[in-house]
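Reviewing the structure listed below.
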Amino acid sequence: MKEAVQLAIGGAPAIGARASATLTELLASSGVQVVRTGSIVLEWPNTALPFDPAAWSADLPAAADPLAFAFRHLTGSRSQDPWATPVDPIRGQVADWLRAERLRLMPPWPSGVSCAVALVHEAQRFARPRGGLRTRLARTSRELPLAPYERLAAVERAHRVQSALSSIDLLEPAEQAQARALGFVLDTPAGVQIAPRPGFHRGTAFPARGYDMATERAAEWIELPLLGDTADPGLTRLIASGGGAVLGIPVERFAGEHGEAEALLYDDLLSRLRSLGAWLTTPEQLLRRLLL
């Protein structure tokens, strides 16, 4: 069960709202939940996380105001090295602060795992067989449109995991029912965005809640970093930080003459992730562990 705390945020209202949203995200990665009725009150600013008003309107280094620095990287859209993790040292500062407050730090994932990987697959439009003489005379018959989904589902059943299927608007209702029958969760939960480029999006291995500048509130959606479709150096960082990421692989990879070979590679990848201590799940379950 997560430790629960209240936040007492100082500073101007606009800065306080940004700081509260940022600190809530940093606490979540240590298994600490922010609620209105928490028995422990954490105050900011403090000696562990100093405050500099100028840092909220200028690009100052992390030492000036760690939360302002984290806010820029968690909510900014500027390009950066996809494997850079500038927010992680600030997570360390937050963890040290929590230990000084005698709070229990527990990883948000199930016991015995090092990190979380949500499995998401981009749907492939069901190919309609063409008519005509050329099709009838073709030497090789076109495989059934559901075949790549069946290959993918068979691998995941063998590992006792479930994945989410995104872009389901590509499929007709009857086709969606076929995909669901194979065990896929159709689409990620409402309001969850999948990052559009590889790496630890926004400089962190953890899911980041968006921020609505207009209302000065944390947005309702959460953006999950996208991990590449093969094991790479980013996975080492993910495990070291205990973060969560999305493993995105298009269903079309499992289609056609190379589909069987791709299924074997996917099976090997899931085995390696398991051996490294990853919890394989869906985005919905990942978010439930973080926020509920």
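Points worth noting:
- Complete set of residues in the stretch 249-266 that are of a type in the set (Gly, Ala, Ser) and either within 15 Å of residue 155 (Cα to Cα) or in contact with a Ser or Thr (Cβ under 8 Å, 6 or more places away or on another chain) (or both): 255, 259, 261, 263
- Among the residues here, residue 237 does not qualify as loosely packed, with under 14 Cβ neighbours inside 10 Å, assigned to a helix (DSSP H, G or I) and at pLDDT below 85.
- When the stretch 274-292 is limited to residues that are in contact with a Cys (Cβ under 9 Å, 6 or more places away or on another chain) and among the hydrophobic types (A, V, I, L, M, F, W, C), the one that is surrounded by the fewest Cβ atoms within 10 Å (Cβ to Cβ) turns out to be 276.
- Odd one out for residue 203 among (1) in contact with a strand residue (DSSP E or B) (Cβ under 8 Å, 6 or more places away or on another chain); (2) at pLDDT below 80: (1)
- Taking the criterion of being touching a helix residue (DSSP H, G or I) at 6+ places or on another chain (Cβ under 8 Å), at pLDDT 85 or above and not in a loop (DSSP other than H, G, I, E, B), the residues of the stretch 86-111 that qualify are 90, 91, 93, 94, 98.
- The residues in the stretch 23-55 that are within 26 Å of the chain's Cα centre (by Cα) and either in a helix (DSSP H, G or I) or not assigned by TED's automatic domain parsing to the domain that holds residue 93 (or both) can be counted, and the count is 6.
- Some residue of the stretch 246-254 being within 23 Å of residue 91 (Cβ to Cβ), modelled with pLDDT of 80 or more and not in a helix (DSSP H, G or I): yes
- Residue 114 vs. criteria out of contact with any Phe, Trp or Tyr (no Cβ under 6 Å at 6 or more places or on another chain), surrounded by 16 or more Cβ atoms within 10 Å (Cβ to Cβ) and modelled with pLDDT under 90: yes
- For residue 72, the requirement of being of a type in the set (Lys, Arg), at pLDDT 85 or above and loosely packed, with under 12 Cβ neighbours inside 10 Å is not met.
- Any chance residue 128 is at pLDDT 90 or above, surrounded by fewer than 19 Cβ atoms within 10 Å (Cβ to Cβ) and not aliphatic (A, V, I, L, M): no
The values are calculated or read from the model by the stated rules, or taken from the named source; none is laboratory data. This structure is a prediction, so every number in the text was calculated from the model and none was measured. Because the Cβ atoms are built from the backbone with ideal geometry, glycine has one as well, and the counts that use them run over all protein chains shown.
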